[in-house]
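These notes are about the structure you will find just below.
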Amino acid sequence: MAAQDQRVENLEQFLARRGQALLRTAALLTGSIQAGEDLLQAAIERLLRQRGRVDGDPEGYLRRTLCNLATDEFRRQSRWRRKLHLLQAEAPTSADTTAEVDLRDAMVRLLGQLPAQQRTVLVLRYWEQLNGPETAELLGCSEYAVKSAASRGLRRLRELAGGLLSDETQPHDITARTGDGS
Amino acid sequence: MSLDVEDLLRQGMERFAEQVPVPSGLAHQAARARRRRRLTIRAAAAAGTAAVTAAAVLAATGGRSAGGSATRVRATAYVVSRVEKALADQHLVLRGRTTSGDWGPSVYWAYGSRNRFKELTGSGEPYIAVGTALIGGKLTGVYVTYYNRKWSVLPERAAPASACSRTGTLEMAGPAAPARNWPAFIRATVACGAATVTGHAWIGGVKTVRITGSPVTEKLSPGEARAVHEKWLRSRWTLYVNPHTYLPVRLSGSNYTYGGPMPSYYSTGVTDIRWLRPTAANIAKALVTIPPGFRHVRSPASQ
C-alpha cells in the first residue's frame, strides 16, 4: 500500500506541473471543461493500473489515452454530439464584445460536429502543435490518415462556418447585442 | 478581421483554454475512484448488483430498510426534508461559480434578499452583472453591462417560485439564476415532488447525495422557435447536497433543443456552490456595485 501511495504522490507532483496542459487538451477534445476533467481522471485511473509507467514519464501515455478515450466517448455519444448549431436561444449568456471573438468561440463549438478522428487530429495539430508524423505515432495510424483527417476536418469546418465567414459586415445574432454603437 | 479558419480555430482554442482552471489533487481523486470501483465490483460479485444499488441509496440517506422503489421514495422524502430544513435555517452567504462550454464563466453571490450575478468573458473581464444594488439606501434590482459601460434599473419580474413548473425547470439548466432568492427557489424545487434521490457522487473529496430532477420537455414558443430554428427543448438538472449539512454543493443542468431545420443543440452548465460565513466582506459581495462613469439608461432594452 505504501508503494502505491508513493506512486500516487509522484504522479501528483507530475500533474502539478503538467496537469493544466493535459486538462486543456482534454477539454478541447471533449468540448467542455467538466467533460475534460472526467476524461483526464479516467486516463489517470488507467495510468494507475499500469504500475511501471507511473515511475517513468507518464505524459505520453496520458496524452495517448486521452485521445483514445475521447474517440470512444464520441462514438458512444455520436447520436446527439454529432452536430451543433450556432444559434443559441438566450443571446446574452453567450455573447462577447466583438464578432471576431465570437467567431473564434464558434470554431471551437463547431469542432464538436466533426467525427472523432478529425477532431482529435485538429486538436493535436493546432493546440498541441504536433506535426504529421508525431500525430500519426501518437494515434497509432499512418501519416496519410492524419493528413486526410486534418484536411477533411478543416474542409468540414469551413462548410459549417460558411454563414459566419461569408458575412463579415453582419455579425451573427449572438453578437448583435454588442453592436449598439456605444 | 482574419477570416482564415485555421487562424480562427487556433485562436479559439487558446481562448477556450484560458478558461481551464489549474487542477489539483487529480492523482488522489483517480486513486480513490479506482479503489471505490474495485470495492463496488467486489461487492456486486458477492451480493448482486441490485443489492449494491439499494445499499448506495441507503448509505447516501442514512436509511435502514432494504428494497427497491419504496426505499427510494423513503430516501427521497428523508433527504428532501433535510435539504428543505437546511436551506430554511441557513444564514450563510452563498457563492456559486458556473462553468459551461456554452457561455462565459459566471459567479453568483446571495445573502437574504441581496444577490449578485456576474458573467465574465473567457479572458476574465467582467461582461454583465445582474442583481441588487443599494441605491439611495434602498435595495434595487439593477442590470450592468461592462462592455458598453451602461446600467439600468431592472423591472420587477415574475420569476418562477420553483423549478416545478416547466419554465422553472428551464432555469435549473443554466447558471444559478440571477435576481432571485436562489436558496428559496431550490428549497421549493426539491419539495414539490419533481426530484428523486439517485445515489451519491464524490465532489471535492466529499461523498454527496445526488438528487435528480424529472426531465421536462417544452414546446418552444413561436418566437423562440424562430430564433433557434428548433421546436422542442428538453431540460434536465441534478443537485448534489452535502450529506452532513444537506446544503447544495453543486448544480448541473442541461438543455437540448431539437425538432427543427437546424441540427440539434446540447448545452450544459455546472455551478459549484460554497456556503460562507456572513462576514461584512462576504455580505458586501452579494451587492452589485455600479462602477463610476457608467451611464444610466432607461431600461435593459436600451443596453
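Taking region A:114-139 as the range and being in a loop (DSSP other than H, G, I, E, B) and open to solvent by 20 Å² or more (accessible area, probe 1.4 Å) as the test, the residues that pass are A:Pro115, A:Trp127, A:Glu128, A:Gln129, A:Leu130, A:Asn131. Selection of region B:124-155 for residues being hydrophobic (A, V, I, L, M, F, W, C), open to solvent by less than 50 Å² (accessible area, probe 1.4 Å) and not in a loop (DSSP other than H, G, I, E, B) yields B:Ile128, B:Ala129, B:Val130, B:Ala133, B:Val142, B:Val144, B:Trp151. Inspect region B:220-230 for any residue being at pLDDT 80 or above and not acidic (Asp, Glu) and give the result as yes or no. The answer is no; no qualifying residue exists.
Could we say that B:Ser299 is under 25 Å from B:Ile203 (Cα atoms) and either small (Gly, Ala, Ser) or within 14 Å of chain A (Cβ to nearest Cβ) (or both) here? In short, no.
Looking only at residues of region B:244-273 that are among the β-branched types (Val, Ile, Thr) and in contact with an Asp or Glu (Cβ under 9 Å, 6 or more places away or on another chain), we find that the one that is nearest to B:Glu218 (Cα to Cα) is B:Thr257. If you go through region B:238-257 and keep only what is in contact (Cβ under 8 Å) with a residue 24 or more places away in the chain and part of a strand (DSSP E or B), you end up with B:Thr238, B:Leu239, B:Tyr240, B:Val241, B:Pro248, B:Val249, B:Arg250, B:Leu251, B:Gly253, B:Ser254, B:Asn255, B:Thr257. Residues in region A:48-67 that are surrounded by fewer than 17 Cβ atoms within 10 Å (Cβ to Cβ), modelled with pLDDT of 85 or more and not small (Gly, Ala, Ser): A:Glu59, A:Tyr61, A:Arg64.
Evaluating A:Thr98 against the criteria (1) more than 7 Å from chain B (Cβ to nearest Cβ); (2) open to solvent by 10 Å² or more (accessible area, probe 1.4 Å); (3) at pLDDT 60 or above; (4) over 15 Å from B:Ala30 (Cα atoms) leaves one unmet condition, (3). In region A:8-47, of all residues being of a type in the set (Lys, Arg) and in contact (Cβ under 8 Å) with a residue 24 or more places away in the chain, the one that is surrounded by the fewest Cβ atoms within 10 Å (Cβ to Cβ) corresponds to A:Arg18. Of the residues in region A:158-175, not one is in a loop (DSSP other than H, G, I, E, B), aliphatic (A, V, I, L, M) and modelled with pLDDT of 85 or more.
Comparison of B:Leu287, B:Leu247, B:Leu233 shows that the only residue that is at the interface with chain A (Cβ under 10 Å from one of its Cβ atoms) and of a type in the set (A, V, I, L, M) is B:Leu233. Evaluated against (1) crowded, with 20+ Cβ neighbours inside 10 Å; (2) at pLDDT 85 or above; (3) charged (D, E, K, R), A:Asp105 falls short on exactly one condition, (2). Taken over region B:258-290, the criterion of being assigned to a strand (DSSP E or B) and under 23 Å from A:Gly36 (Cα atoms) is satisfied by B:Tyr265, B:Tyr266, B:Ser267, B:Thr268, B:Gly269, B:Val270, B:Thr271, B:Asp272, B:Ile273, B:Arg274. Would a scan of region B:213-224 turn up a residue that is open to solvent by less than 60 Å² (accessible area, probe 1.4 Å), among the small types (Gly, Ala, Ser), more than 22 Å from B:Arg32 (Cβ to Cβ) and in contact (Cβ under 8 Å) with a residue 60 or more places away in the chain? No, every residue in region B:213-224 fails to be open to solvent by less than 60 Å² (accessible area, probe 1.4 Å), among the small types (Gly, Ala, Ser), more than 22 Å from B:Arg32 (Cβ to Cβ) and in contact (Cβ under 8 Å) with a residue 60 or more places away in the chain. Of all residues in region B:94-138, those that are modelled with pLDDT under 90, closer than 21 Å to B:Pro292 by Cα and hydrophobic (A, V, I, L, M, F, W, C) total 5.
Residues of region A:140-160 that are open to solvent by 90 Å² or more (accessible area, probe 1.4 Å) and away from chain B (no Cβ under 11 Å): A:Tyr144, A:Lys147, A:Arg152.
Put simply, of B:Arg36, B:Arg74 the only residue that is more than 8 Å from chain A (Cβ to nearest Cβ), open to solvent by 70 Å² or more (accessible area, probe 1.4 Å) and at pLDDT below 70 is B:Arg36.
The values are calculated or read from the model by the stated rules, or taken from the named source; none is laboratory data. Quantities reported herein were computed from a predicted structural model and do not represent experimental measurements. Quick reminder, even Gly has a Cβ in these numbers, built from the backbone with ideal geometry, and neighbours come from all protein chains shown. Areas reflect the complete protein model, heavy atoms only, side chains present, ligands, DNA and RNA absent. Shrake-Rupley method; radii C 1.70, N 1.55, O 1.52, S 1.80 Å.
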